[in-house]
Ligand SMILES: CC(C)(COP(=O)(O)OP(=O)(O)OC[C@H]1O[C@@H](n2cnc3c(N)ncnc32)[C@H](O)[C@@H]1OP(=O)(O)O)[C@@H](O)C(=O)NCCC(=O)NCCS
């Protein structure tokens, strides 16, 4: 039931998504081996908030990814497996982060992506992320999408730029890195009107 303090639930997103070369669908428990293979690689997780995953870490991550199918309120996520020719090549994420007022639907979302290095450099991450951006703006009444990344993560920054996002900020030493140091953050943003005009 919707009460004065409960914003209306968002309907589940229309899935799967199909692009020229890819299918994006919700993550299944049986994707664990494929996701575990690239998330165990320290080069892949170098700029991610988690270290290379062991079996326990993978089980925790899989539980989160599998459950992230129909975000409705800030704090909830949509996680999608990306398949090329039926092979899982990566995963993408949309997290709803904020809304205008307590009664309003979500208005801001954050994007994330992790791809297997076996499939790097073919534009798969760009193609999948574009599909997710289109879904984010067509299915949710979002005003803004953002991505936050370590400025040393050049591949991820280039991906943001291919998506038409603007580099809006570089904040210094605001992120507690796993090695006990402080890292900088680059913030990229894309407004609905920019997406609609692209
Ligand atoms: C970030 C990440 C997804 C980017 O992967 P990627 O392979 O560079 O991205 P794409 O799959 O879109 O491929 C783009 C590259 O392929 C090339 N390419 C080839 N065919 C292409 C096509 N049809 N369309 C677009 N690009 C194409 C592009 O020129 C680009 O190369 P360049 O960066 O040297 O110019 C990947 O590095 C990754 O998973 N990193 C680890 C996880 C991580 O750090 N995630 C982000 C945390 S913020």
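Only the coordinates and a few stated rules stand behind these numbers; no lab work does. In this text, all values refer to a predicted model and were calculated from it rather than measured experimentally. Positions of Cβ are generated from backbone atoms using ideal geometry, with glycine treated the same way; all protein chains shown enter the neighbour counts.
Sorted from fewest to most neighbouring beta carbons within 10 Å, what does the list 156, 183 look like?
Final ranking by Cβ density, sparse to dense: 183, 156.
Order by neighbour count: 134, 86, 150, fewest other Cβ atoms within 10 Å first, most last.
With the fewest neighbours first, 134, 86, 150 line up as 86, 134, 150.
Using a 10 angstrom cutoff on alpha carbons, build the Gaussian network for the chain and name the most mobile of 128, 63, 107.
Ranking 128, 63, 107 by mean-square fluctuation puts 63 first.
Could you list 195, 113 in order of exposure, starting from the residue whose Cβ has the fewest other Cβ atoms within 10 Å?
Going from sparsest to densest Cβ surroundings: 195, 113.
Residue 171 versus residue 98, label points 7 Å from Cα toward the beta carbon: distance in nm?
Going from the residue 171 label point to the residue 98 one covers 1.0 nm.
Hey, what number do you get for the chain at 222 nm if only DSSP H runs of n ≥ 4 count, each worth -39500 (n - 2.57), divided across all residues, to the nearest 500?
When only DSSP H runs of four or more count, the value is -8000 deg cm²/dmol.
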